[in-house]
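Participant: Below you will find the structure I want to go over with you.
Bear in mind that the values in this text are calculations on the coordinates, not laboratory data. Note that the coordinates shown come from a computational prediction; the quantities given were computed from them, not determined experimentally. As a convention, Cβ positions derive from the backbone with ideal geometry for all residues, glycine included, and neighbour counts pool all protein chains shown.
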Amino acid sequence: MSDPAAELNRHQRQHAAPLLKICGLRRQDQAEAIAALGVDAIGVIGVASSPRFVPAPQRAGLFAAVRQRSESCQRVLVVADPDDADLDELNPRHGHTLLQLHGQESPQRCQELRQRCGCPVWKALRLRSPADLAQLEDYSESVDALLLDAWAADQLGGTGQRIPIAWLQSLQTKLPWWLAGGITASRIPELLSLVSPDGLDVSSGVERAPGEKDLALVQQLVATVQAAG
C-alpha cells in the first residue's frame, strides 16, 4: 500500500508549482468545497488556545467531508506539545492522514509520535531570527516535512505575520518544506520569484474571520498558484 506522505513528497519534488494547504477549517461545508477546488491538503486545529480550534468529537466529520470530495487531499491534524494521554485522539482512525506538530516538540519526541501514532509527521518551526534556521537539520531524520512560520508571542500560528524572505533565499534542507505566514494570491508571483518552497500553508489570508474561509479568495489563490507552475 502506498504511503500518502511519500506520494506527496514525490509530487513536491517533481512539480514546479508549490503544493497548497488551507489550514484552520471549522465547517464541514467549507472543508468539502475547498477540497473540491483542488488543494493538496487541509488542516484542522486541535490546539485549544487557537481561535480556529475544533474539539476532538467534531474533527472526524470535517475529515470525512474532505475525503468524500477528494481522496488525494491530505487531512492534517494540527496539535501542539501533545502528551501520552492524547495519543488516542492522534490516531489516524479519527480521519486525519498526517500530524502537524506546532509546539516545542524535540526531534526525539517527533520521532516517538511518528512511530506511536502510525502516521507521517510534519514539524512547524516558528522563526524569530535567521539563526533559528540552524535547527532544521536536527529534524531531518525524525519528521517527513517542515513548516516554517513567523514567531508570534501570543499565538502558535494563523497570525498573518511574515518571515522576512531574505532569511529563506539561501535555505537548503533535505526535507520538503512549507512556507506559512501572510500568504495571499496577490503576493504569490513575487514570493515564488524569490524562494521555492515545496508547499504553501494559508489560513488568515483567505478568511473573513478566524475559521471562516472566503471561498472566492481560496479559488483565486488556487488559480494563482497553479498558474505559477
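Participant: Grab the DSSP H runs of the chain that are 4 residues or longer, score each as -39,500 (n - 2.57), total them, divide by all residues and round the 222 nm result to the nearest 500 deg cm²/dmol.
Facilitator: Result for the chain, helices only: -8500 deg cm²/dmol.
Participant: Shifting gears a bit: If I model a spin label as a point 7 Å beyond the Cα along the Cα-Cβ vector, how far apart are those points for I165 and D86 in nm?
Facilitator: 3.4 nm
Participant: Taking the Cα of A223, stepping 7 Å toward and past its beta carbon, and measuring to each backbone N in segment 184-208: which are under 18 Å?
Facilitator: 184-190, 206-207
Participant: Using +1 at the C-beta of Lys and Arg and -1 at the C-beta of Asp and Glu, which of W167, T224, L98 has the Cα lying farthest in the positive direction of the dipole of segment 86-229?
Facilitator: Ranked along the dipole, the leading option is T224.
Participant: Suppose R0 equals 22 Å; then what is the FRET efficiency for Q108 and Q172 from their Cβ-Cβ distance, rounded to the nearest 0.05? If you can, show how the numbers build up before the last one.
Facilitator: Values: r = 23 Å, r/R0 = 1.07.
Using R0 = 22 Å, I get an efficiency of 0.40.
Participant: Out of residues 5 or more away from I163 or on other chains, whose amide H comes under 5 Å of its own, with H placed 1.01 Å from N in the peptide plane?
Facilitator: A150
Participant: Report the Cα centroid-to-centroid distance between segment 17-79 and segment 168-197 in angstrom, as an integer.
Facilitator: Value for the Cα centre distance between the two parts: 22 Å.
Participant: Choose one of A48, G118, S203: the residue whose Cα lies farthest towards the positive end of the charge dipole of segment 4-228 (beta-carbon charges +1 Lys, Arg; -1 Asp, Glu; about the Cα centre).
Facilitator: My answer, from the dipole projection, is S203.
Participant: Each label point is 7 Å from the Cα along the Cα-to-Cβ direction; what then is the distance between the points at D214 and S72, in nm?
Facilitator: In this crude spin-label approximation the distance works out to 2.8 nm.
Participant: Contact order normalised by length for the chain, with contacts defined as Cα pairs under 8 Å and 6 or more residues apart; what percent is it?
Facilitator: 22 percent
Participant: Along the three principal axes, how long is the chain when you take its alpha carbons, biggest first, rounded to the nearest angstrom?
Facilitator: 42, 39, 38
Participant: For the chain, what is the charge dipole size about the Cα centre, in debye to the nearest 20, if Lys and Arg each add +1 at the Cβ and Asp and Glu each add -1 at the Cβ? The partial results should precede the final answer.
Facilitator: Details: 22 positive and 27 negative charges, 99 e Å.
Charge dipole, the chain, about its Cα centre: 480 debye, nearest 20.
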